[in-house]
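Asks: Sharing a structure below in structure tokens format, with a few things to ask.
The values are calculated or read from the model by the stated rules, or taken from the named source; none is laboratory data. Here the structure is a predicted model, which means the values were calculated and not measured. Note that we place each Cβ from the backbone using ideal geometry, even for glycine, and neighbour counts take in every protein chain shown.
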Amino acid sequence: MSTHQLLSRLPLLPPSAEVLSPDLAVARDGTMVVLFNAGGAFYTCAADDQAGLRLAASITARLRLAPVTTIAQYFQVHRATIHRARRRIEEGGVDAVQPGKRGPKGPHKLTPAVLRQAQAALDGGASQRETARRVEVSHFAIAHAIRQDGCANRSTRRPRSPGWTRPRCRALASERQRISRAKPVWR
């Protein structure tokens with residue numbers, strides 16, 4: 001197509017716009033990306049907005065303003081990424097292309113069923129370590145669940161005598177005493 005024919009389909013283009021097809025042009029400056037069709041600008045987003053760029057690529061593919069390969073090359077993504085984003089938008093709307101939490105979405109070891117078993121074991125008088133062995137998780141996971149109120153620690157362990165204190169490492173105790181006797185630096 002000649003430049004005159006392109007201009008007749010895309011009449012309102014800024015000088016910085018790059019024509020991707022007879023029906024689509026994209027202008028990108030340092031901060032914004034603007035998509036143009038025959039009617040003028042129809043979509044704008046920030047240049048660093050990944051979800052906005054996915055949406056832009058999906059819209060142009062859905063409207064068939066340019067071949068998916070051309071759109072993928074311009075946005076520097078694979079064609080499958082554009083198809084995936086388009087499918088997500090069709091199924092879940094614009095929120096579906098928003099970046100979500102990566103990694104596990106919930107508990108994978110301490111599921112509600114395991115927590116019920118652990119609580120039953122703790123209610124029965126088992127220690128945290130014994131409970132962990134019964135439900136096949138680490139005792140750290142049980143201690144974490146107790147701290148996070150996932151379980152109540154109702155172990156019937158024998159209470160300590162009133163004057164009992166945790167034995168301390170002598171090296172640590174002497175270091176603490178030396179530090180407490182030292183003059184504060186901030187005075």
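Asks: Filter the stretch 128-161 down to residues that are crowded, with 16+ Cβ neighbours inside 10 Å, at pLDDT 75 or above and not in a helix (DSSP H, G or I), then give me how many there are.
Replies: Residues meeting the conditions: 1.
Asks: Sticking with this structure for a sec: Can you list residue pairs whose Cβ atoms sit under 9 Å apart, with the first residue in the stretch 77-95 being surrounded by 13 or more Cβ atoms within 10 Å (Cβ to Cβ) and the second being not in a helix (DSSP H, G or I)? Count only pairs 6 or more apart in sequence or on different chains.
Replies: Here the result reads ALA85/VAL77, each pair linking the stretch 77-95 to a residue that is not in a helix (DSSP H, G or I).
Asks: Go through ALA51, ALA118 for me and flag whichever is in contact with a Ser or Thr (Cβ under 9 Å, 6 or more places away or on another chain), surrounded by 11 or more Cβ atoms within 10 Å (Cβ to Cβ) and in a helix (DSSP H, G or I).
Replies: Working: ALA51 fails: in contact with a Ser or Thr (Cβ under 9 Å, 6 or more places away or on another chain).
Of ALA51, ALA118, the one residue that is in contact with a Ser or Thr (Cβ under 9 Å, 6 or more places away or on another chain), surrounded by 11 or more Cβ atoms within 10 Å (Cβ to Cβ) and in a helix (DSSP H, G or I) is ALA118.
Asks: Looking at ALA56 and the list (1) under 26 Å from the mean Cα position of the chain (by Cα); (2) in a loop (DSSP other than H, G, I, E, B), which single condition is not satisfied?
Replies: (2)
Asks: Go through the stretch 94-105 and give me each residue that's on the phi < 0 side of the Ramachandran plot and either in contact with a Phe, Trp or Tyr (Cβ under 6 Å, 6 or more places away or on another chain) or assigned to a loop (DSSP other than H, G, I, E, B) (or both). Can you show your working first?
Replies: Here is the first cut: in the stretch 94-105, the residues on the phi < 0 side of the Ramachandran plot are 94-102, 104-105.
Within the stretch 94-105, GLN98, PRO99, GLY100, LYS101, ARG102, PRO104, LYS105 qualify.
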